[in-house]
Amino acid sequence: MSNFKPLNQIIEKIVNKINEDAVKINGVFAGSGSSFAHWFLTKAGSSKTLLQLDFPYSYSVIDEMLGCTPNGYVNEVVANEFANIAYKRANKLLAPEEKIIGVGCTSALTSEKPKKGEHRVYVSIRSRNEMINGYLKLNKGIRTRIEEEDLVSRFILDQINRFCFSSEDQTLLKDLTSGDKVERKKNKFYGAVEQFFETDKPFVAINKDGHLLDFSDSFTYIIPGSFNPLHSGHKQLAEFIKRMKKSRVDFEISIFNVDKDNMNKEEVINRISQFMGVGTIIISKSKTFAEKSIHFKGCSFVVGWDTAVRILDTKYYDNNFESMLTALDIIKENHCRFLVVGRLDEFGAFRNANDIDVPSGYQDMFTMIDEKRFRNDISSTEIRSQN
C-alpha cells in the first residue's frame, strides 16, 4: 500500500533531525515498534539519541515490568506506564537539565489467530512535566502484519517529531485511509501530579490552561467534590458564586475520601482533564474539612445539602459528638465557612440548609443559598447511572 521510496526519504530526514536535536530517547514497546528501532539503529549518530529500547513480548514479562497484571494490555494506561518506566530509567542516568523523553507503546496488530477486537496502538511520550498521548485505530483487514508494523512505527516517529519540534509531516502518515482513526492529546500537568503522589505535598493547583499555580495564590471560594463527572450544575454554580461574591471560585478534589475508594494517578489525571478551559482545580490529600481548613485558611467551601449533613454526622467522628465539635472548632479557628446549596434527597424532596441540625454556637458557619437564586438538580450519580 505504501509508496516506500519517498517514505524512506521522509523517515530518514526526520531521524536525522531528531539525532541532531539534544533529545535523549528511552522506550518500552510491546507488540510493535521494530521498524522504528531499525531506522535508528542503522543510522550513524543515533547512539547520542537512543538510550535503550525494551521490547517486552510475553504477558509475564509485562506483568513483571508493571508490577501487576493490568486490566488489559493494549490501552492508554499501559502506554503511560511504559513511558513512565522509560522516563524514570533515563532520568537516573542523565543530568536533570537533559532533554529526556520516555516513549511507551502498546499495540494489537494482525496475528496468526484473527483478533476479535480492533487493531490499534497507543503511544505515550513522557517528559519532565507532560504526558503526550497518541491513539491510532487501524482499518482492520486491509494491511499485512508487516504493513501494520511499518505504519505503527511511523506513528511513533510522528509523535516524537511533534514533541521535539512542535511540527508534523503530513506525508509521514499519508497512506491513512478513511477507516483509520487518529486521536492525540496532551497533559501539561502530568509531572506535577506524579510529584504530588510521590511527595508529602498537601495539594497542587492547576489552572484552566494546565499550568501549575504558585501555592501563594489565595483561595476564597472552593467547590469540593469528586466530579465524576464534572457537569453543567458544577459550572453554573461556580459562575453564580463568581457573580454573587465578585470573587474567584476554584474546584477541589481529594484523592482520599471517607466514603469512597482512594483515587489513583490515572483517575486524578482524567478528572483534571475535565477542567481544562473551565477553571482551576486543586488536588489535595485532605480527607476531612478540618484538614482542608488548615491548608485553605479563610476560605468558604461551597457544598451541597447532603455534604453539609455528613459534616455534622457523628458517624464520621467515631460516633463521638465532642469529636465532631472539635472538628468544627478547627474549621472555625481557620476562619472557614460553608455556603450550602439545596439538593434533592433520596426521596426526591428538595432540602437546604434550613433542614440541617447545626449545633448551637456554630450556626453562623453555615449560610444557605436560596433556591430562588440558584438551583440545579442534576447529579453526577444520576449521570453515571444513565451512562
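Just so it is clear, none of the values below were taken in a lab; they were calculated from the coordinates. Bear in mind that the values here come from a model prediction, so they are computed numbers and not experimental data. Cβ atoms come from the backbone with ideal geometry, glycine included; neighbour counts cover every protein chain shown.
For segment 211-262 and segment 123-166, what is the separation of their C-alpha centers, rounded to whole Å? Each part reduced to its Cα centre gives a spacing of 35 Å.
Please work out whether segment 318-370 counts as rounded, prolate or oblate from its C-alpha gyration tensor, where a ≥ b ≥ c are the square roots of the eigenvalues and a/c under 1.5 means rounded, while otherwise a/b larger than b/c means prolate and anything else oblate? Cα axes put segment 318-370 in the oblate bin.
Taking max minus min of the alpha-carbon positions on each principal axis, segment 4-187 gives extents of 45, 43, 29 Å, largest first.
If R0 is 45 Å, the Cβ-Cβ spacing of residue 112 and residue 349 corresponds to a FRET efficiency of close to 0.15. 3J(HN,Hα) couplings calculated from phi for segment 297-313 with the Karplus curve 6.51 cos²θ - 1.76 cosθ + 1.60 (θ = phi - 60°) are, in sequence order, 4, x, 8, 9, 8, 9, 10, x, 3, 5, 5, 4, 4, 5, 4, 9, 8 Hz; Gly and Pro show x. With a simple spin-label model that places each label point 7 Å from the Cα along the Cα-to-Cβ direction, the separation between residue 57 and residue 383 comes to 4.5 nm. Mean residue ellipticity, 222 nm, helices only, the chain: the sum of -39500 (n - 2.57) across DSSP H runs of n ≥ 4, divided by residue count and rounded to 500, is -11000 deg cm²/dmol. Which helices count as membrane-span-like in the chain under these terms: full DSSP H, at least 15 Å along the axis by C-alpha, Kyte-Doolittle mean of -1.0 or more? Those that clear 15 Å and a mean of -1.0 are 4-20, 76-93, 145-165, 232-245, 321-333.
Note on segment 200-386: Kirkwood hydrodynamic radius from all Cα pairs is 17.0 Å, rounded to one decimal. The lysines within cross-link reach of residue 201, meaning a Cα-to-Cα straight distance under 18 Å and a gap of 8 or more places when in the same chain, are 265, 285, 287, 292, 297. Have a look at the DSSP beta bridges in the chain and tell me what percent are antiparallel, nearest 5. Bridges in the chain that DSSP calls antiparallel: roughly 50 percent. A Förster distance of 22 Å, applied to the separation of the beta-carbon atoms of residue 144 and residue 185, puts the FRET efficiency at 0.15.
Comparing 208, 297, 116 in a Gaussian network model of the chain where C-alpha atoms under 10 Å apart are linked, the largest mean-square fluctuation is found at 116.
Sequence-distant contacts, meaning Cα pairs under 8 Å at least 6 residues apart, place the relative contact order of segment 200-386 at 23 percent. Judged by the mean number of other Cβ atoms found within 10 Å, the most tightly packed of the peptides 169-179, 82-92 leads the ranking 82-92, 169-179. Comparing mean-square fluctuations of 36, 289, 321 from a GNM of the chain with C-alpha springs under 10 Å, the top value falls on 321. A straight chain from residue 310 to residue 92 at 0.36 nm per residue would run longer than the Cα-Cα distance by 73.9 nm.
Restricting the GluC sites (Glu not before Pro) of segment 1-97 to loop positions (DSSP other than H, G, I, E, B) with no more than 16 neighbouring Cβ atoms within 10 Å leaves 97.
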